[in-house]
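Notes follow the structure.
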Amino acid sequence: MIKKFKPINKAYKFRIYPNQEQQELIDKTIGCSRFIYNEFLTKTKEENYQSYTKYSRQLPQLKKEYEWLKEVDSIALQQSLKDLDRAFKNFFSGKYNYPKFKSKKSARQSYRTQKFIRSSGSTNIEIKDNYIKLPKLSWVKFVKSKKVKGKINNVTVSKSRAGKYYISINVRQILKTVVNNNQGELGLDLGIKDFLTTSNGEHIENPGHLSKYQDKLAKLQRRLARKEEGSNNWKKLKKKIAKVHEKIKNIRKDFLHKLSTRLTKENQLLVIEDLNVKGMLKNSKLAKHISDCAWNMFTTMLKYKGEWYDCIVHKVDMFFASSQTCNVCGTKNPKVKDLSVRTWTCSCGAAHNRDINAGKNLLKQGKLDLGIR
Ligand SMILES: [Zn+2]
């Protein structure tokens, strides 16, 4: 067993409770950050995109034109330009679309500010007990459900659709990892009934209380459909629905975090599938959408936690009929195409559980891709 130090970036998310004045300033800063982003994006329509340095030099002039920009955290405005810069770099790489204007209506309403140390030695961002000091806002109360470890890089302040405020504190942390202690290797098959099944035969179910809230959500949505749009009751219900949505999101995130941590810590190789190739036709659009989102989030978590814990996470791109192929002899059984077939026996005599067989095939294919014998 070798112990190793590994630097990582990590984000801590907490709910904050800003007072009335602070709420107004947060809303204003979010608005100003959006304004800066859109203003410079408009500029790039006339001239081609220049550079972050060039645009940030134009900020003081813009503040003279629009006095209200001076009221908010100036670092947030610079960060907004950095976001635009990133969006253009992504676009120029050829992998992303042309940057879009930021909308007041989008679900993500936020701004980001960065920590720095003044020459006097004081800092613009600080945590003391249940309070965080943020530029212009001063001390904001927050629920510190976890200890923040590491060096703070930056903080994102956001507002949810339900009108709640959050911070995400990005830190640089040194992780003590144990190298070569994780010997396992698994193929992971995504399911609808179970969240996933491993090639070892472990069935991992969705958290039980998730469906309770999903039922509640469906009920509320049916009620909403009967209300007059824009009425007070409609608005109230809309807010309630946003709250349940958030609850569901948090339950799922928590579940995915725990699972991805465990799997990457216990294994040195995980093989997952490319969801786009998997046919899940028998499911309603909504069910598919929900499971797609969860799977994408899960895949992202596995990837970065794999880096932390020295676990290779490999995605099998072009995939064959993983459920229909016998992992022992390779014979294809088209009858298994029918999703209701949960178990089957191959002509070679091997007895299969549908999902475990698929997981085993994934692992096999992944090892073949990577050249592991
Ligand atoms: Zn067989």
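The values are calculated or read from the model by the stated rules, or taken from the named source; none is laboratory data. Please read all numbers here as calculations on a predicted model, not as lab measurements. Methodologically, a virtual Cβ is constructed for each residue, glycine included, from the backbone with ideal geometry; neighbour enumeration extends over all protein chains shown.
Just a few scattered comments:
- Long-range neighbours under 6 Å by Cβ, at least six apart or interchain, first residue at pLDDT 95 or above within the range 54-74, second of a type in the set (D, E, K, R) and not in a helix (DSSP H, G or I): ASP73/LYS136
- In the range 347-363, the residues that are more than 10 Å from SER323 (Cβ to Cβ) reach residues that are in a helix (DSSP H, G or I) and within 14 Å of the ligand (Cβ to nearest atom) with C-beta atoms within less than 9 angstrom, at least six apart or across chains, in these pairs: ALA350/ASN357.
- Residue, farthest from ILE132 (Cα to Cα), within the range 167-206, restricted to residues that are among the hydroxyl-bearing types (Ser, Thr, Tyr) and crowded, with 16+ Cβ neighbours inside 10 Å: SER199
- Residues that are more than 16 Å from the ligand (Cβ to nearest atom), more than 16 Å from LEU196 (Cβ to Cβ) and under 32 Å from the mean Cα position of the chain (by Cα) number at least 1 in the following strands (runs of 3 or more DSSP E) confined to the range 298-373: 312-316.
- Only listed residue being touching a His at 6+ places or on another chain (Cβ under 6 Å) and in the same structural domain as PHE255 (by TED's automatic domain parsing), chosen from GLY349, GLY366, GLY330: GLY366
- Inter-residue pairs, beta-carbon under 6 Å, first at negative phi and at pLDDT 95 or above and in the range 120-135, second loosely packed, with under 14 Cβ neighbours inside 10 Å and part of a strand (DSSP E or B), 6+ apart: LYS133/GLU126
- Selection count where residues are among the β-branched types (Val, Ile, Thr), closer than 18 Å to ASN9 by Cα and modelled with pLDDT of 90 or more, scope the range 136-180: 8
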